[in-house]
Structures are given as structure tokens and as C-alpha cells.
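J.: Structure below; questions to follow.
The values are calculated or read from the model by the stated rules, or taken from the named source; none is laboratory data. Note that this is a predicted model, so its numbers are computed, not measured. Glycine gets a Cβ as well: all are built from the backbone with ideal geometry, and neighbour counts include every protein chain shown. Calculation scope for accessible area: heavy atoms of the full protein, side chains included, ligands and nucleic acids excluded. Shrake-Rupley method; radii C 1.70, N 1.55, O 1.52, S 1.80 Å.
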Amino acid sequence: MRACPWILACCTLLCVACSTGERETETESGFTITGTGTTAMTAMTSSDTDTTGEQSTTEEDTTGAPTTAGCPEGSLDCPCDLGACDEGLECVEDVCVPASGTTTGDPTDGSTSDGTTTNGGGFPLCGDGEPVATELCFGDAVPLSMGGGPADVLVIDIGGDNRDDVITANATANNVTMRQSLGGVTFGGLTTAMAGAGPAAIVATDVNNDDVPDLITANEGSTSLSMFVATGGGMFAPQMVTMVGMGPKAIVVADINEDTISDLLVAHAVDNNVGFMAGTGLGFQAPSPVAVGTTPVDIAIDDFDGDNNIDFVTANAGSGSLSVLLGNGAGLFSMPTNVAVGNNPSAVATGDINGDGDVDLIAASPAAGAIYLFKGNGLGGFGVGLPFNCGIDPRDLIVVDIDGDDALDAIVANGGAGTVSVMIGDGAGSFAEPQPFPVGNTPVALALGDFNEDGVYDIVTANMGDSTATVLPSNP
């Protein structure tokens, strides 16, 4: 749903988040602050604290050599006396580790002959703090209480402190809520602003040209957009309402007409069109509608025909199709070319999946429990969809290189399974079997961030079923 070089802002944690001090304070900005904070508590092992209530004691080893109960001296990860280690190991800081440049098992999965794991000098090993290509590692999911019925999630630095924050558009509560990062997977209290009825999507862009990101929601129930201008410190002025077409369901930001000012594309699910809204530097013009398929519910942008102009594609739930429209760089688009998907697609994303230099499409089908790959020909045309099973009821997807091997992968939010599936791409047009990771109840939207600042993507979901966002932190 969000993976494109022209998107100026995303349209597109090892712990449990909790909030304390349930109090509400109305601010001059129109936002409400609830609670005093949300903290992700890292799990403590027995070495961190003694939970028996008795004072723990440590007996000093008087032999002069390190010992570990149940760990044979000289074995892997066990103490070594006078440098004596088993074959293939060497003594480093009184512990036996794999000898430099050697491994004791299959280097493709980091396993050793005795069932333990080691990076073996750059091989994948979760938890060692060293990201390695092909490594896919996540810590415990961290739930964050948000507003009622979050339909979309955005990750961006709102506070200006170079930390990723979490924002959701809440379709049931008719509001926007935000939790600012306090560092790592610890977050501040909930900040709330009223939006229009049924906000279904949220993006960030600089509405008033002051170099500070503002927020925009597409309000499906009130045929409007709500614009929230940033006032500093992660706070925003009350919404400014702009009327659009019927049933605004999805929105993207890009410089469509190449005037260096951000424009909007809004998918209208009831009107069966996409509205192009040219940016003025102080706001946006009224939408110019372009016809697409029936019930467009998602939209993505890319350059499908290689002319360096922005094109777009919609996922049409009502007609079971994708509509591809080519742009001329001046805000005008071709007639739609429809690509059959079937089974009511819920999301669409773009990327060069097979490494041939042409942009491909991927669509999610909830009824089929699959994503479909449509290979591009570089001229704006696409082949027949190739299905890949992903999980139950896929609602959203992102195309990105999640494991650092220079091949694009697919991340899918499976609403019916309460999971995120990561599907590793081979760079040649195929995906491995999905690897599911539990998140909240009914995840319907995805975003990426880097909360723990390890240079590896963290995954965030908006969970409509339990009114939370889940942060799935990387653990390289």
C-alpha cells in the first residue's frame, strides 16, 4: 500500500505498553492529552532481579578459573582454562568461541552441529546486535492503546526530536491519536484531535510550506479531508475541513504536476474515481476526478512506463480489478487500463520484484488469502497475476527489502489471523512461504519505522479489533 520513491510522507515494540494516571487535559491546540505516559517494559531475567523475596547471594569462585554450572570447560560458550578449548574453538576473554574464520554448522541459518547458534563471523544470528543480510529477527510485540477502531497508521517524527512517533486515524472514534516516542519502545501519553466522520486514511505533508510536517485524514463517512497544521512540539491546530468526493478511502501525497509543491490523490470509493488535488503551498485545490474501477479502496504511485512522470494504480474492491492510469507530469492522466484480480482486492503496492528494471504490481486479496504479483513490461502494461499464499484475510501490504539482501520482500497484515506475514523475495519474481508474527486483533494497516535506532525496519500495525497499534521491533 505504501512503497514508492515519490511519496513525500507515508500515507505510507520485547515489552508490553501500559498507561497510568488516567486524566485528560484539554489543550489550546484542540488536542486532548490522556494519561501520563506509556512505557514498554523490557522483560527481566533472573540475573536482573531476585523475585523470591529473599536476598540472593553469590559465592566467590576461589579456584582462579571461570566456572559455569552444567557447562563443560572447553566447550562452546563455556569457560576455558589457560586457553584450552575444543577443536574449532578459541579462548576469548576466558570463554570458548568459534575460531576466527570458521563455523561449526550450516552458515545459512547460523546453526551449529550441537544445536546452538553463532554468527560465525557475519552469519545471521538474532539478538547479537549486528544486522546481517538475509537476517529476519523481531522482538516481542508491543501493544499501544490508541483510539477506537484504528483504520490506518502513520510513523513519522512529529515532535522534531529525530524519533519516530506513532499516529492512527480512528474510524470508530472519529479522531486522530498520537503517541510520541520517548526513546526505544517507550512512548508518551495519548494525544487526541477530533477529525471528520470515519477517518479511513492518514498521511503527513507540509501543507503550509513551513518545512514542518502536517497531517491529513480522509474521512470516509463525511466526504471530507481534515487538515491539521503543526504548531510545534508535536501539537496541531484544530482541523480544517475540505470537502471532496463521496467515500474518500485512501490518499497519497506526491508532486504530481512537477511544480515542487505537494499534491494529493484521493480514492473515492462511492464515486468510483480518484480526485487530483493540486497543492498551492497554502492548501489544495478542489479535486479533479478521474474515473477508475468500482469501489477503489487503495491507491499507489510509481512510474510504470519509464517516462519519469508519476502514474497511479487503484485496488478496486467492487470490480475485482486494478486500474492503471499513466500521468503526463502536468496533472492529467490516461484512461484507465484495468487488470483483473478477482476476490475483491484490499490493497496494492508497487516495486521491481523480479529485478528486470520494470515496475511490478502486488495486490492483496482477502477472500483468497493471497497476494498476487503482476509483472510489468515497462510500458505501463502488466501480466496475469501470480498468487502467493500469505495468511487469512490480508488487509494491507508493504513492499520493501526487510532483510537487507537487496531483493524486495512483501509484508502483509492478515486481519483474520491477527498476524503480520513477512514473505522474503528472491529477486527473481517469487516469494518464500510466509513467516507469521503475532500482533493485535484484526490488523488492517501497516507502517514502518526504526524506534530502536538499529538501522533495521520495525513494523507497526493498526489493529481495528482491539483499538491498538502494535510495534514489532527488530532484534538483529
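J.: If you look at just the Cα atoms of the range 122-241, how large are its Rg and its Dmax in Å?
T.: Gyration radius and largest Cα-Cα distance of the range 122-241: 16.6, 54 Å.
J.: Which distance in nm do the two modelled labels at Ala432 and Val92 give, with both placed 7 Å along the Cα-to-Cβ direction?
T.: Calculated label separation equals 2.5 nm.
J.: Percent relative contact order of the range 241-393, based on C-alpha pairs within less than 8 angstrom and at least six residues apart?
T.: 15
J.: From the C-alpha gyration tensor of the range 279-376, pull out the three semi-axes of the equivalent ellipsoid (sqrt of 5λ each), sorted largest to smallest, in whole Å.
T.: In descending order the semi-axes read 23, 18, 11 Å.
J.: Okay, moving on. Ignoring ligands, DNA and RNA, what percent of the 1.4 Å accessible area of the range 215-290 is carbon and sulfur?
T.: Ligands and nucleic acids excluded, carbon and sulfur reach 58 percent.
J.: On a full-extension model of 0.36 nm per residue, what is the gain between Val241 and Ala367, subtracting their alpha-carbon distance, rounded to one decimal in nm?
T.: 41.8 nm
J.: What does the charge dipole of the range 134-180 about its Cα centre add up to, to the nearest 20 debye, if the Cβ of each Lys and Arg holds +1 and the Cβ of each Asp and Glu holds -1?
T.: With Lys and Arg at +1 and Asp and Glu at -1, about 220 debye.
J.: Along the charge dipole of the range 290-394, Cβ charges K/R +1 and D/E -1, which of Cys390, Gly318, Ala370 sits furthest on the positive end?
T.: Comparing the listed Cα positions along the dipole, Gly318 ranks first.
J.: At R0 = 45 Å, how high is the FRET efficiency between Ala84 and Asp401 if r is their beta carbon distance? Nearest 0.05 is fine.
T.: 0.55
J.: Tally up the carbon and sulfur contribution to the accessible surface of the range 407-453 as a whole percent, 1.4 Å probe, everything protein left in place.
T.: 51
J.: Using alpha carbon coordinates only, what is the Rg to Rh ratio of the range 357-453, with Rh defined as the Kirkwood radius?
T.: For the range 357-453, the value is 0.98.
J.: Then there is this: Placing +1 on the Cβ of each Lys and Arg and -1 on the Cβ of each Asp and Glu in the range 221-361, which of Gly234, Asn338, Met277 has its Cα farthest towards the positive end of the resulting dipole?
T.: Gly234
J.: Further question on the same structure: How large a share of the accessible area of the range 151-205, in percent, is made up of carbon and sulfur atoms when the probe is 1.4 Å and the other protein chains stay in place?
T.: It is 48 percent, rounded to a whole number.
J.: State in Å² the accessible area per residue of the range 333-467; use a 1.4 Å probe, count heavy atoms of protein chains only, and round to the nearest integer.
T.: Heavy-atom SASA per residue in the range 333-467 reads 36 Å².
J.: Give me the number: length gained by fully extending Ile392 to Glu130, i.e. 0.36 nm times residue separation minus the C-alpha to C-alpha distance, one decimal in nm.
T.: 91.0 nm
J.: Now, a different point. Given +1 on the Cβ of Lys and Arg, -1 on the Cβ of Asp and Glu, and no further charges, what dipole in debye does the range 364-452 carry about its Cα centre, rounded to the nearest 20?
T.: Rounded to the nearest 20 debye, it is 400 debye.
J.: How large is the charge dipole for the range 162-271, taken about the Cα centre, if only the Cβ atoms of Lys, Arg (+1) and Asp, Glu (-1) carry charge, to the nearest 20 debye?
T.: Dipole about the Cα centre, nearest 20: 580 debye.
J.: Another one. Full-extension gain between Asp161 and Thr231, please, as 0.36 nm times their residue separation minus the C-alpha to C-alpha distance.
T.: Additional length available on full extension: 23.7 nm.
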